[in-house]
1. Here are the criteria: (1) in contact with a Lys or Arg (Cβ under 9 Å, 6 or more places away or on another chain); (2) farther than 26 Å from W206 by Cα. Tell me which single one F131 does not satisfy.
2. Within the stretch 159-181, count every residue that is touching a helix residue (DSSP H, G or I) at 6+ places or on another chain (Cβ under 6 Å) and modelled with pLDDT of 95 or more.
3. Can you tell me which residue within the stretch 103-115, out of those that are surrounded by fewer than 18 Cβ atoms within 10 Å (Cβ to Cβ) and part of a helix (DSSP H, G or I), is nearest to the chain's Cα centre (by Cα)?
4. When you scan the stretch 138-164, how many residues do you find that are without any contact (Cβ under 8 Å) to a residue 24 or more places away in the chain and assigned to a helix (DSSP H, G or I)?
5. So, of the residues in the stretch 39-58 that are in contact with a helix residue (DSSP H, G or I) (Cβ under 8 Å, 6 or more places away or on another chain) and over 20 Å from V127 (Cβ atoms), which turns out to be surrounded by the most Cβ atoms within 10 Å (Cβ to Cβ)?
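The values are calculated or read from the model by the stated rules, or taken from the named source; none is laboratory data. Predicted, not measured: the structure shown is a model, and the values here were computed from it. Cβ coordinates were reconstructed from backbone atoms using ideal geometry, including for glycine residues, and neighbour counts include every protein chain displayed.
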Amino acid sequence: MVQQSASVCLLGGLLGLFLLSPVLMVPTPPSMCTPLRTLRDTLSQRRRYMKHNFPINYTIRVHFKEVFKLSNISRMRLQVEGVDQFILQRLWFQVNQGVLKKIIRVMPGRHPSRSYSGELERRFRDVEGVFVHSYPAEVFQQELPEAIQDIWDRLTEEPDRVPQSSWKLATPKSLLDNLSHTMHCLFSECFISPEAPHNYCGLSHWRKGRKKELKQVG
């Protein structure tokens, strides 16, 4: 009887793992594409609101782990054992949640970019809400790889306990550039069209876009 019960439990566990595995193998649920594209459209105005409305070379203090670039994603994919797209997407939300809060925090109520920042945060929360509801609750309780858990712990540490060496200065625009670039990389299924495929995880793609943007300005 005990052996039969153990066999049933084992079978149930394997069945649960089998059911969860296809979920984790799908990088981006289709339901996320509409809110992600809405967030992309809002981010497209970041140059106006996060550069032109701030003093030249204005910077804010963020945790160095919140400077989250394409190179960070590439490095983790190569070096962190057990990391997958879903885990990187979870980390993306955790990082940029703090980034948006810090950007809003430095702006007075009448700052010309205040309403834009609030709208951006709301769009971000919309995407996060769809993300959370697109997966079974069990997947969010799974243990993270040690390197990812370390980043998570650092980001959630009380600010007064963070050593000075862990803070970094960054411009609001550069932080939103990082948010946009890494969003396209980690949720690329929602942005790539069969007619014009792009490697959003490649630095060369964004350098080409930057050169085109500067040429249009000039």
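1. If we test F131 against (1) in contact with a Lys or Arg (Cβ under 9 Å, 6 or more places away or on another chain); (2) farther than 26 Å from W206 by Cα, just (2) comes out false.
2. Step one: list which residues in the stretch 159-181 are touching a helix residue (DSSP H, G or I) at 6+ places or on another chain (Cβ under 6 Å), which gives 166, 168, 172-173, 175-176, 179-181.
Narrowing further to those that are modelled with pLDDT of 95 or more: 168, 172-173, 175-176, 179-181.
Count: 8.
3. So in the stretch 103-115, the residues surrounded by fewer than 18 Cβ atoms within 10 Å (Cβ to Cβ) come out as 104-106, 108-112, 114-115.
Now drop any that are not part of a helix (DSSP H, G or I), which leaves 104-105, 114-115.
On the way: I104: 18, R105: 20, R114: 22, S115: 22 Å.
The selected residue is I104.
4. So the count comes out to 9.
5. Residues of the stretch 39-58 that are in contact with a helix residue (DSSP H, G or I) (Cβ under 8 Å, 6 or more places away or on another chain), as a first pass: 39-40, 42-43, 45-47, 49-51, 54, 58.
Retained after the next criterion (residues that are over 20 Å from V127 (Cβ atoms)): 47, 51, 54, 58.
Details: R47: 14, K51: 16, F54: 19, Y58: 14.
Taking the candidates together, the pick is F54.
This table checks each residue for (1) among the aromatic types (F, W, Y); (2) without any contact (Cβ under 8 Å) to a residue 12 or more places away in the chain; (3) assigned to a helix (DSSP H, G or I).
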{"residue": "T28", "(1), (2), (3)": "no, no, no"}
{"residue": "T34", "(1), (2), (3)": "no, yes, yes"}
{"residue": "R40", "(1), (2), (3)": "no, no, yes"}
{"residue": "R47", "(1), (2), (3)": "no, no, yes"}
{"residue": "Y58", "(1), (2), (3)": "yes, no, no"}
{"residue": "I87", "(1), (2), (3)": "no, no, yes"}
{"residue": "R90", "(1), (2), (3)": "no, no, yes"}
{"residue": "G98", "(1), (2), (3)": "no, no, yes"}
